[in-house]
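The values are calculated or read from the model by the stated rules, or taken from the named source; none is laboratory data. Small disclaimer: the values here were computed from a predicted structure and weren't measured. We place every Cβ from the backbone using ideal geometry, glycine too, and count neighbours over all the protein chains shown. Keep in mind that these areas ignore ligands, DNA and RNA; they rest on the heavy atoms of the full protein, side chains included. Shrake-Rupley method; radii C 1.70, N 1.55, O 1.52, S 1.80 Å.
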Amino acid sequence: MAEIKLATEARTEFGKGAARRIRRANQVPGVVYGHGAEPVHITLPGHDLLLALRTANVLIGLEIDGKDALVIPKGVQRNPLRGDIEHVDLLTVKRGEKVDVEIAVHVEGALAPGSNLLEYVMNTLRVQAEATNIPESVTVSVQGMDAGQSVFAKDIPLPTGSVLVDDPEAVVLSVVTAQAEPSDEDGVGEEA
């Protein structure tokens, strides 16, 4: 995974008013924390941050007060109406350090013929991986699976260097039979 560089500025103003002024200037307030250090309040360029966050578990390089920091996003607050980023929490990581992250589960293949449906019990898996080598997703084959069959977390092949954090016995995907719509002949929907 490539590292994305973002320009930052340390923040000295706090509170709603200061945050609103930062957002009006097309920037995003954020906090960098981790490794026992004091949290550092920063301002990030809004558009560049939005583009960076399109990649899950992106590795971001920051320069804060002349010091380089390597971070991953841990919390992103968005405006519920407009969808723009209002605040971001960033976790400091070191090269070679293992971090716990969630990665997306993708499927490939076709289910067995019939009225089968694939149910996603979990859309993501929590794994531990090196901070500079975080996988974006895992792919699971559901080719030929029939109703009643499931894929467990332990059955999903993980990328090299990744270790499963979730319960290995957790059901990730399950194949179920489609429910038939009740007809008027069944007496459902009749008025009394």
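Across the range 30-56, the number of residues qualifying as in a helix (DSSP H, G or I) and more than 14 Å from Asp89 (Cβ to Cβ) comes to 6. Selection over the range 64-101 of residues that are over 26 Å from Val165 (Cα atoms) and touching a Lys or Arg at 6+ places or on another chain (Cβ under 8 Å) gives a count of 3. Against the numbered list (1) open to solvent by less than 40 Å² (accessible area, probe 1.4 Å); (2) within 23 Å of Ala56 (Cα to Cα); (3) modelled with pLDDT of 90 or more, Ser162 comes up short only at (3).
Rundown of residues vs (1) of a type in the set (Phe, Trp, Tyr); (2) over 30 Å from Ala69 (Cβ atoms); (3) touching a helix residue (DSSP H, G or I) at 6+ places or on another chain (Cβ under 9 Å); (4) without any contact (Cβ under 8 Å) to a residue 12 or more places away in the chain, yes/no style:
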{"position": "Ala110", "(1), (2), (3), (4)": "no, yes, no, no"}
{"position": "Thr124", "(1), (2), (3), (4)": "no, no, no, no"}
{"position": "Thr132", "(1), (2), (3), (4)": "no, no, no, no"}
{"position": "Thr139", "(1), (2), (3), (4)": "no, yes, no, no"}
{"position": "Gly148", "(1), (2), (3), (4)": "no, yes, no, no"}
{"position": "Val151", "(1), (2), (3), (4)": "no, yes, no, no"}
{"position": "Ser162", "(1), (2), (3), (4)": "no, no, no, no"}
{"position": "Glu169", "(1), (2), (3), (4)": "no, yes, yes, no"}
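Restricting attention to the range 110-141, report how many residues are outside any strand (DSSP E or B), farther than 30 Å from Lys74 by Cβ and at pLDDT 90 or above. Residues that pass the stated criteria total 0. With the condition kept exactly as written, say whether any residue in the range 14-21 is open to solvent by 80 Å² or more (accessible area, probe 1.4 Å), over 22 Å from the mean Cα position of the chain (by Cα) and at pLDDT below 80. Taking every residue of the range 14-21 in turn, at least one turns out to be open to solvent by 80 Å² or more (accessible area, probe 1.4 Å), over 22 Å from the mean Cα position of the chain (by Cα) and at pLDDT below 80. Within the range 22-45, being open to solvent by 70 Å² or more (accessible area, probe 1.4 Å) and small (Gly, Ala, Ser) holds for one residue alone: Gly36. Residue-level check: of (1) in contact (Cβ under 8 Å) with a residue 12 or more places away in the chain; (2) open to solvent by 60 Å² or more (accessible area, probe 1.4 Å); (3) within 19 Å of the chain's Cα centre (by Cα), Glu63 misses just (3). Look at the range 78-92: where a residue is open to solvent by less than 60 Å² (accessible area, probe 1.4 Å) and a partner is of a type in the set (Asp, Glu), sitting 6+ places away or on another chain with Cβ atoms under 7 Å, you get Asn79/Glu86.
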